[in-house]
Structure formats: structure tokens, C-alpha cells
2 protein chains.
Amino acid sequence: MIAGAAAAFRDELLSAGLLVATSVDGLYGRSATFEAIVDGVERLATAAGADHDATVVRFPPVIPRTVFERTDYLRSFPDLTGSIHTFRGDDKAHAELLRLLDAGEDWTAPLDPAEVVLCSAACHPLYPTCAGRLPDGGRVYDVYGYCFRHEPSLDPARMQAFRQREYVYLGDPDGAEAHRDEWVKRGVDLMSRLGLAVEAVVANDPFFGRVGRMLAANQREETLKYEIVTPIANDDRPTAIMSANCHRDHFGLPFGIETADGAVAHTACVGFGVERITLALLRAHGLEPARWPAEVRHGLWP
Amino acid sequence: MIAGAAAAFRDELLSAGLLVATSVDGLYGRSATFEAIVDGVERLATAAGADHDATVVRFPPVIPRTVFERTDYLRSFPDLTGSIHTFRGDDKAHAELLRLLDAGEDWTAPLDPAEVVLCSAACHPLYPTCAGRLPDGGRVYDVYGYCFRHEPSLDPARMQAFRQREYVYLGDPDGAEAHRDEWVKRGVDLMSRLGLAVEAVVANDPFFGRVGRMLAANQREETLKYEIVTPIANDDRPTAIMSANCHRDHFGLPFGIETADGAVAHTACVGFGVERITLALLRAHGLEPARWPAEVRHGLWP
């Protein structure tokens, strides 16, 4: 009864006004209280990574199509993709579009692909801006933004549009592994101090189809990516609220990023799923943040 | 030489690192400094509307397709639309998609329209959540979020993805007009106190095509919408940085929103274009906020 437990928690969140339902599953408005928790999580993430002296960049929720193509996301997660299409026609084509709309038919036939797609991961738009040589010792960026995954679900932790906060390291192979390992530790520590029962596990991403089963097996064998999981919708099947991932040269190669001595850069990132952390806190401590334990409140709102 | 002046200002912003270029015109990363100004504008908007005791809702950058259809946006601005398409096929269709991608062809042919489209205006996702009876005296909401307009441009004030902060009134016709009129005054006052040379003018939206020319003429005649404009890219042709709009029953009718006594609700909104206000401040006071006039700094970061 996994779906049942998730849907029941969703109903609680909607009744309490923390989320506002829309007609699409996995798409919600957020209340002031929900956003105050999100802001607290964001502040905590900033404090926890202050030693990086990271360069801050905030990207919008759409990214260049050519960037998306080079991330290879379409190979692994075509079903989660959001491609953006727009109208480039004349008055006559517009009349036809409106005729289709008014007839309740599919009005998207006259549309063309735009130069942009929805952002697949908060760090994807960063890589092309880092093309060329990195400084000695590599570099760390702090990125934050809305991502899209087309996975309509009644599980409130499976939103179609959600925010990721990331620290992205670009540099040599050892630095990339160290960044991931350090953030698995920091992440477990941070989330534990928020009173969440967490565990770090090897990631198990939902790669698509037949080829995806091999990619998923590879991912597990190579142990490049870890997730920090905690119960949200139900106790038996915990949900990832953070992840730490070493990409090796997966981005350095296609985006032409080089270390100071001219080698292909390796990259790694840690991601905070701020909506999921917010939901985990609401699940663990109840729907009224004013009544949460003092140490949790102090951690979020010092 | 309007385009030239806009492109020159864009180059200055990029050189100063305030915006980060992408391969798509009108799509930028934002620096920490840029975001600090955005946050200041947001804070100012919050303070200026505190008397509304508004209900806060934050919607994600995608909205239900059915909501978008009911806003009638496709009639007026089809060319600015962002429809989202995704992959629902099997392994075989996925192989074909990847073949198209690898061949450098259009890989979107196998995609289907998703249940969502890009958000066209920050207040659009709000209306369906207000279906039914409003309380006596109507209600004011505070919404904020990313919007999309497909208009690739070298003018930095013409971004494809940008944020709108809005106060939306829902109630009776007099209340809607009063909300608009009050916010034209408050907007001019607020922006003037930030040292911007502003003016309130009747709006002149870029309605599409032949029908659009009539809609634009109607809009000007009926004087339902005002814009607060100031020079950003060039002095001759000022840019709208805020707008205040009375929609009459344009949203109340299709979304089934009623006043306390059962009449179709009228609505009005004021929108703060936070990126445009940020750009106007950078243009007026220079690219280093630390050196801005003390009263402007105090207004943004009290």
C-alpha cells in the first residue's frame, strides 16, 4: 500500500494548506509556511558549504536545447524530459491553432521545437559556462534552481517541478571523488541534526527501458553516486533527499572543461532536494513548524 | 540604434559578471550580486503590500495545460508560448529518438504534449485554485514565480525566463479598479524612491497578428492596463518594469470565481518585473551596488 500511504500524506499536506493542489498530479502551489522551511534548508546548505567559497550562479528553469542534448539525459531518462515547443507561424496558422483549441483538439500540431528545454538538473546549465581551463585546484560552484521531471504521481515527494541546490566541483579525478565522499558525510550529519533518520545508500536511478537496466546495473556496480534517504511517504521505502555523485569525465569531455594542466576535468556534485527535505521534516516533526523541536528550529532559522 | 544600445548594455552586464551568457539569446545565469538586488526588490514589494495581509502562494514554473488554455493566452500571444512535450514511447521508439539525436536531426518527432506548459504569467495558476465563492470584500494573493516568453533578444530586459512578483485582487468591479489605480500610484512612488525616472503609461502589449492589432487597439482604448516604464536599454524607448491591470471578468468567468453575493468576480493584479527593475537600477546607478546612493541601498537592504 505504498501509493496509499503517499496519497494519505499528500491529503494531509493539502488539508493543512502547506501545498495547494492543481489539476495535474505532482504539481503544487507552496504556502508561506512551506517556503519558510525551504528557505531554512537553503540557508543551512549555504552555511554547510561556506568553506568552499563557491561561485554563486542562479539559472532559470529552462536551458539551451544544445546543452541538454550534450548531457546525454535523453539516453537515460527520455520519459522525464520536457521539450519546449512554440508557435512560429503566420495569421493563417494562428487561425488553425485557434480552431483546434476551440474544437478541443490537440492544438500543438502547428508548433515547432524552441531553442530551449526544461532544466533537467540544476548543474546542467553550468557546464558549458565552464568550458576552457580551470584554475589550479579546480573550482566549486553553488547553483540552485527549478528542475523538471515528467513523472505525474500522487506521492508528494515525486513532484514534476522542484528545486535542487547543488555544490558542483570541477577539477581533477581525486578532487571529484573527495567532493562526493565529503558531502556524503556532511549530508548525513546535517540531516541527522535536523532530526531525520537518514542512511547513505548506493543510488538507484530510474533509467529508462532495456538499455536503462544495464545503465542502472553499471551505476550500482561502479558506486559513483550515493543517495541520502529517509522515510517520507512510508517507512518501508525511504526517499532520496540528497545525492552526491561523481560524474568522472561525463561533463568535462562534451563541454570541453580542462584542469589547470590540460587534462579533461572530472566533476562531482552534491544536491539538496529542498522540497523533499521539507517534506521529510514535515513528516518527522509534524505539520506545524512552530511546534518542532527547538534544535531543529534553530538549525533552520538561527 | 536601439538594438545596438541594448546589446552594448548586455555586454557590460556580461563583462561585469552580473549575468552569465548561455548559447540562447535572452537566457542568462544570474550572479550573487544580481540576485541580491532581486531579493531587495522582492523585500521592498513585500513591505509595500503589507497592508493587504495577502495570502502567499508560490507556484512552480510550469502550469496545467488546461489552465493555460482557459486564460486565452493562445489567442493573444501564441508566439510567446512554451508548450511542454515529453516521451511516452517504448524501447523501440526510444531507439528511434536516439538515432535522430545522434544524426543531428529533430529528435522531438516521437514526443507527445505533456499535461503542462510553461507559466505564462505568475497569476495564471492562481485562478483555478480560487474557484467558488470569495469572502466578503474579496481577497488579495501574493504570488511570485518564473514566467516564460519565447522572444529571443539581445536586449537584456527581454529575457525568455524571468520572475514576476504580483499582488492579485479578486472581488467586485470597483475593488478591482481600485486595486489597479492604487498600485499605479504606489508603483510610481516606490520606483521613484529607488532613484528611477519613471512614468505611468497606458499599456501597449505585443498582441500577435491581424486579430492582435484590434486587441491592442481595444486595450489602449479601454485603458484597463497601465505600465510603469523607465529607460533601461536606451533613453528614447523606455521599458515596462511594473504593470497594473484590471482584467474585469476575463479570469472570473472561465475559472468560476464568484463574489460573496454570487456575481462573477472581477480581478486585477500588479506585477513587479524583478529582473527588469534590477536592470533599471544597474543602468541608473551603475554596475556596483556598493556604490549606489545610500537611500537606494537603504530602500533595498534596510
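The values are calculated or read from the model by the stated rules, or taken from the named source; none is laboratory data. What you are looking at is a predicted structure, and each value in this text was computed from that prediction instead of being measured. In this analysis, Cβ positions are derived from the backbone assuming ideal geometry, glycine residues included, and neighbour counts consider all displayed protein chains.
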*From A:T55, A:T71, A:T81, residue being touching a helix residue (DSSP H, G or I) at 6+ places or on another chain (Cβ under 7 Å) and surrounded by 17 or more Cβ atoms within 10 Å (Cβ to Cβ)*: A:T81
*Considering each of B:T86, B:T81, B:T66, B:T71 in turn, give the residue that is farther than 22 Å from B:H250 by Cα and not aliphatic (A, V, I, L, M).*
B:T86
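Conditions (1) in a helix (DSSP H, G or I); (2) at pLDDT below 95; (3) touching a strand residue (DSSP E or B) at 6+ places or on another chain (Cβ under 7 Å); (4) within 12 Å of another protein chain (Cβ to nearest Cβ), marked per residue:
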residue	(1), (2), (3), (4)
A:V20	no, no, yes, yes
A:V24	no, no, yes, yes
A:G29	no, no, yes, yes
A:F34	yes, no, yes, yes
A:A47	yes, no, no, no
A:V56	no, no, yes, yes
A:I63	no, no, yes, yes
*What residue, of B:E166, B:E151, B:E182, B:E177, is outside any strand (DSSP E or B) and either within 14 Å of another protein chain (Cβ to nearest Cβ) or out of contact with any strand residue (DSSP E or B) (no Cβ under 9 Å at 6 or more places or on another chain) (or both)?*
B:E151
*If B:L154 satisfies every condition in (1) out of contact with any Ser or Thr (no Cβ under 7 Å at 6 or more places or on another chain); (2) aliphatic (A, V, I, L, M); (3) free of Cβ contacts under 8 Å to residues at least 12 places away in the same chain; (4) within 30 Å of B:G212 (Cβ to Cβ) but one, which is the exception?*
(3)
*Selection within region B:88-103 - assigned to a loop (DSSP other than H, G, I, E, B) and either facing chain A (nearest Cβ under 9 Å) or among the polar types (S, T, N, Q) (or both)*: B:R88, B:G89, B:D90
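Just wondering, is there one or more residues in region A:120-136 that are surrounded by fewer than 17 Cβ atoms within 10 Å (Cβ to Cβ), among the basic types (K, R), more than 22 Å from the chain's Cα centre (by Cα) and facing chain B (nearest Cβ under 8 Å)?
Pass one, region A:120-136, residues surrounded by fewer than 17 Cβ atoms within 10 Å (Cβ to Cβ): A:131-133, A:135-136.
Pick out the ones that are also among the basic types (K, R) and you get A:133.
Subsequent filtering for residues that are more than 22 Å from the chain's Cα centre (by Cα) retains A:133.
Filter once more, keeping what is facing chain B (nearest Cβ under 8 Å): none.
Scanning region A:120-136 turns up no residue that is surrounded by fewer than 17 Cβ atoms within 10 Å (Cβ to Cβ), among the basic types (K, R), more than 22 Å from the chain's Cα centre (by Cα) and facing chain B (nearest Cβ under 8 Å).
Okay, residues lined up against (1) β-branched (V, I, T); (2) surrounded by 18 or more Cβ atoms within 10 Å (Cβ to Cβ); (3) modelled with pLDDT of 95 or more; (4) on the phi > 0 side of the Ramachandran plot:
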{"site": "A:V168", "(1), (2), (3), (4)": "yes, yes, yes, no"}
{"site": "A:D174", "(1), (2), (3), (4)": "no, no, yes, no"}
{"site": "A:E182", "(1), (2), (3), (4)": "no, no, yes, no"}
{"site": "A:D189", "(1), (2), (3), (4)": "no, no, yes, no"}
{"site": "A:L194", "(1), (2), (3), (4)": "no, yes, yes, no"}
{"site": "A:A197", "(1), (2), (3), (4)": "no, no, yes, no"}
{"site": "A:P206", "(1), (2), (3), (4)": "no, no, no, no"}
{"site": "A:R210", "(1), (2), (3), (4)": "no, no, no, no"}
{"site": "A:R213", "(1), (2), (3), (4)": "no, no, no, no"}
*Are any of the residues in region B:210-232 in contact (Cβ under 8 Å) with a residue 24 or more places away in the chain, within 14 Å of another protein chain (Cβ to nearest Cβ) and over 23 Å from B:E166 (Cβ atoms)?*
yes
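Is it the case, given these coordinates, that A:V274 is more than 30 Å from A:D136 (Cα to Cα), at pLDDT 95 or above and in contact with a Lys or Arg (Cβ under 7 Å, 6 or more places away or on another chain)? Let's see the steps before the verdict.
Working: more than 30 Å from A:D136 (Cα to Cα): yes; at pLDDT 95 or above: yes; in contact with a Lys or Arg (Cβ under 7 Å, 6 or more places away or on another chain): yes.
When the stated conditions are applied, A:V274 passes them.
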*From A:T46, A:T33, which residue is of a type outside the set (A, V, I, L, M, F, W, C), crowded, with 17+ Cβ neighbours inside 10 Å and at negative phi?*
A:T33
*If a residue has to be out of contact with any helix residue (DSSP H, G or I) (no Cβ under 9 Å at 6 or more places or on another chain) and surrounded by fewer than 17 Cβ atoms within 10 Å (Cβ to Cβ) to count, how many in region B:227-255 make the cut?*
1
*Given (1) of a type in the set (A, V, I, L, M); (2) touching a helix residue (DSSP H, G or I) at 6+ places or on another chain (Cβ under 6 Å); (3) buried (at least 22 other Cβ atoms within 10 Å of the Cβ), where does A:A21 come up short, assuming only one miss?*
(3)
*Considering each of B:E177, B:E221, B:E151 in turn, give the residue that is among the acidic types (D, E) and closer than 30 Å to A:S31 by Cβ.*
B:E177
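Of the residues B:H52, B:H85, which single one is within 8 Å of chain A (Cβ to nearest Cβ) and either over 15 Å from B:C147 (Cα atoms) or aliphatic (A, V, I, L, M) (or both)? Quick ask: steps written out before the conclusion?
On the way: B:H52 fails: within 8 Å of chain A (Cβ to nearest Cβ).
Unique residue meeting the criteria: B:H85.
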*Name the residues in region A:7-18 that are buried (at least 22 other Cβ atoms within 10 Å of the Cβ) and part of a loop (DSSP other than H, G, I, E, B), would you?*
A:L18
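Residues that are closer than 21 Å to A:R10 by Cα, at least 1 per element: which strands (runs of 3 or more DSSP E) completely within region A:190-249 meet that?
On the way: elements: A:199-202, A:225-230, A:239-248.
In region A:190-249, A:225-230, A:239-248 are the strands (runs of 3 or more DSSP E) which contain 1 or more residues that are closer than 21 Å to A:R10 by Cα.
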*Across region A:73-82, what is the number of residues that are more than 7 Å from every other protein chain (Cβ to nearest Cβ) and either touching a Leu at 6+ places or on another chain (Cβ under 9 Å) or small (G, A, S) (or both)?*
2
_I'd like to know if region A:132-153 contains one or more residues that are among the hydrophobic types (A, V, I, L, M, F, W, C) and over 25 Å from A:I257 (Cβ atoms)._
no
_I'm trying to understand the selection: among the residues of region B:283-302, which are in contact with a Leu (Cβ under 7 Å, 6 or more places away or on another chain) and in a helix (DSSP H, G or I)?_
B:A284, B:V296, B:G299, B:L300
*Answer with yes or no whether B:D39 is more than 9 Å from chain A (Cβ to nearest Cβ), modelled with pLDDT under 95 and within 17 Å of the chain's Cα centre (by Cα).*
no
*Out of (1) at the interface with chain A (Cβ under 10 Å from one of its Cβ atoms); (2) in a helix (DSSP H, G or I), the odd one out for B:D106 is which?*
(2)
*Mind counting the residues in region B:250-271 that are among the aliphatic types (A, V, I, L, M), in a strand (DSSP E or B) and closer than 19 Å to B:A54 by Cα?*
3
*Taking the condition modelled with pLDDT of 95 or more and within 7 Å of chain A (Cβ to nearest Cβ), does B:R70 pass?*
no
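Can you confirm whether B:E115 is assigned to a strand (DSSP E or B) and either more than 8 Å from chain A (Cβ to nearest Cβ) or in contact (Cβ under 8 Å) with a residue 12 or more places away in the chain (or both)?
Numbers: assigned to a strand (DSSP E or B): yes; either more than 8 Å from chain A (Cβ to nearest Cβ) or in contact (Cβ under 8 Å) with a residue 12 or more places away in the chain (or both): yes.
The answer is yes for B:E115.
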